[in-house]
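The values are calculated or read from the model by the stated rules, or taken from the named source; none is laboratory data. All values reported here derive from a predicted model rather than from experimental measurement. Here the Cβ positions follow ideal geometry from the backbone for every residue, glycine too, while neighbour counts run over all protein chains shown.
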Amino acid sequence: MFVVFHTGNPHYDKRFFKTPAGAKRSQTCGNRNAGSSVYLMLEQTQFEKQYPVGMKVVKNLMTGKEVEIAEDTPWCCNPASESYWSM
């Protein structure tokens, strides 16, 4: 797997591709549309080493205990949100 990501915010604006050719095309088009070289392509394991996801502590809405989750967890999957518990 290959990842094309925006250098300003690598964990929120990333796309995955099975082939390096597809990733390279996406990187080229993204940079052309942006007007500068802001998109990069890396192999997925290399991306995960270079840009690790940070962790944050949130308070579980139901139990009140603190829970550690990834920073890029969507709000609907966050135990501190009401939408998590209403599904």
Do any residues in segment 48-76 that are among the aromatic types (Phe, Trp, Tyr) have Cβ atoms under 7 Å from those of residues that are in a loop (DSSP other than H, G, I, E, B) and surrounded by 10 or more Cβ atoms within 10 Å (Cβ to Cβ), where the two are at least six apart or on different chains, and which pairs are they? 51/10; 51/11; 75/81
Quick one: is residue 12 touching a residue at least 24 places away in the same chain (Cβ under 8 Å) and touching a His at 6+ places or on another chain (Cβ under 7 Å)? no
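So for segment 56-70 (the condition being within 18 Å of residue 3 (Cα to Cα) and modelled with pLDDT under 90), does at least one residue qualify?
The answer is no; no qualifying residue exists.
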